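Heads up: the structure comes next, in structure tokens.
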Amino acid sequence: MSAFSLQSEEILYEQDDPISQVFFPERAIVSLVYLLEDGATTEVGVVGNEGLVGLPALLVGKVQSLSRAMVQSGGPALRAPAEPLKQFFDRGGHFHQLLLRYSQARLDQLSLLAIYKTHYSIREQFAYWLLSISDRAHSDELHLTQKFIAEMLGIRRASVTDAARPLQEAGIIRYSRGRIVILDREALEVTAGECYQVMKRAFTHFLEIV
């Protein structure tokens, strides 16, 4: 395993690429993005220092990525070749158990994302997404463009403005070009709804076990 610096907007691997390396972000954030044939995109997962990028390669071995792994926020990370790390995982022990627990937390995250897409408004999805990024950045100040947010949520850029405007008018966030500041986190959590708290508890429980 070696130290590595991830750069913003760097592609770690494309959709359908073989996963040959596993990345452990330390202060970076990586988005897992699914691309449709018509060019539309949507984020299906986000990884910060609570997890790793390349999990399928450790669970099942040589495999192609279902999504694009793109660095959202650059920073230091660790990386390791997938195959020897898979062999280490197969030996069992603490690392094996830890990854299984993390896998469960990721499955919970995917389930909740499906619920959001089906039952929650774009504003609620936007609030949830901001909180999930803030949690991983360990900061209430986020540098995110409208274009990037729209691509991650799979919505139009105008819909980002429509979702952000009432939150800004209520004093919950401050939104300017390429910069969002969370001013009232408690109110933003209320806007995000119950699924955010469920997701937060899942990852908090996982981190307490580490």
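Scanning region 14-35 for residues that are closer than 14 Å to Ala80 by Cα and of a type in the set (Phe, Trp, Tyr) turns up Phe23, Phe24.
Cβ-Cβ contacts under 6 Å between residues 6 or more apart (or on different chains), taken from a first residue in region 155-171 that is closer than 19 Å to Glu43 by Cβ and assigned to a helix (DSSP H, G or I) to a second residue that is open to solvent by less than 70 Å² (accessible area, probe 1.4 Å) and aromatic (Phe, Trp, Tyr), are listed as Ala163/Phe126; Ala164/Tyr175.
Taken over region 98-148, residues that are in contact with a Pro (Cβ under 9 Å, 6 or more places away or on another chain) and under 15 Å from Gln72 (Cβ atoms) amount to 1.
The residue that is nearest to Thr41 (Cα to Cα), counting only those in region 119-152 that are open to solvent by 60 Å² or more (accessible area, probe 1.4 Å) and either in contact with a Cys (Cβ under 7 Å, 6 or more places away or on another chain) or of a type outside the set (Val, Ile, Thr) (or both), is Glu151. Candidates in region 40-49 are the residues that are within 17 Å of Lys200 (Cα to Cα) and under 10 Å from the mean Cα position of the chain (by Cα); of these, the one that is most open to solvent (accessible area, probe 1.4 Å) is Val44. Among the listed residues Ile133, Ile180, which satisfies the condition of being within 21 Å of Asn49 (Cβ to Cβ), in contact (Cβ under 8 Å) with a residue 40 or more places away in the chain and not in a helix (DSSP H, G or I)? Just one listed residue meets the conditions, Ile180. Apart from one condition, Phe89 fits all of (1) modelled with pLDDT under 90; (2) farther than 20 Å from Leu131 by Cβ; the exception is (1). The residues of region 30-83 that are over 22 Å from Leu112 (Cα atoms) and part of a strand (DSSP E or B), listed by number, are Gln64, Val71, Ser73, Gly75, Pro76, Ala77, Leu78, Arg79, Ala80, Pro81. A single member of Glu37, Glu26 is at pLDDT 90 or above and either open to solvent by 50 Å² or more (accessible area, probe 1.4 Å) or in contact with a strand residue (DSSP E or B) (Cβ under 6 Å, 6 or more places away or on another chain) (or both), and it is Glu26. Residues in region 51-69 include none that are open to solvent by less than 50 Å² (accessible area, probe 1.4 Å) and touching a residue at least 60 places away in the same chain (Cβ under 8 Å). Which condition number does Lys86 fail, the rest of (1) under 20 Å from Val46 (Cα atoms); (2) surrounded by 15 or more Cβ atoms within 10 Å (Cβ to Cβ) being met? Failing condition for Lys86: (1). Annotation: of all residues in region 70-83 being open to solvent by 40 Å² or more (accessible area, probe 1.4 Å) and either over 20 Å from the mean Cα position of the chain (by Cα) or without any contact (Cβ under 8 Å) to a residue 60 or more places away in the chain (or both), the one that is nearest to Val22 (Cα to Cα) is Pro81. Kindly indicate whether Ile180 is β-branched (Val, Ile, Thr) and in contact with an Asp or Glu (Cβ under 6 Å, 6 or more places away or on another chain). For Ile180, the condition - β-branched (Val, Ile, Thr) and in contact with an Asp or Glu (Cβ under 6 Å, 6 or more places away or on another chain) - is not met.
Look through region 153-171, keep the residues that are of a type in the set (S, T, N, Q) and open to solvent by 40 Å² or more (accessible area, probe 1.4 Å), and return whichever of them is farthest from the chain's Cα centre (by Cα). The selected residue is Gln168.
The values are calculated or read from the model by the stated rules, or taken from the named source; none is laboratory data. Predicted model, so just to flag it, every value in this text is computed and none were measured. When we count neighbours, we look across all protein chains shown, and the Cβ atoms used for this are built from the backbone with ideal geometry, even at glycine. Surface areas here come from the heavy atoms of the whole protein model, side chains and all, with no ligands, DNA or RNA. Shrake-Rupley method; radii C 1.70, N 1.55, O 1.52, S 1.80 Å.
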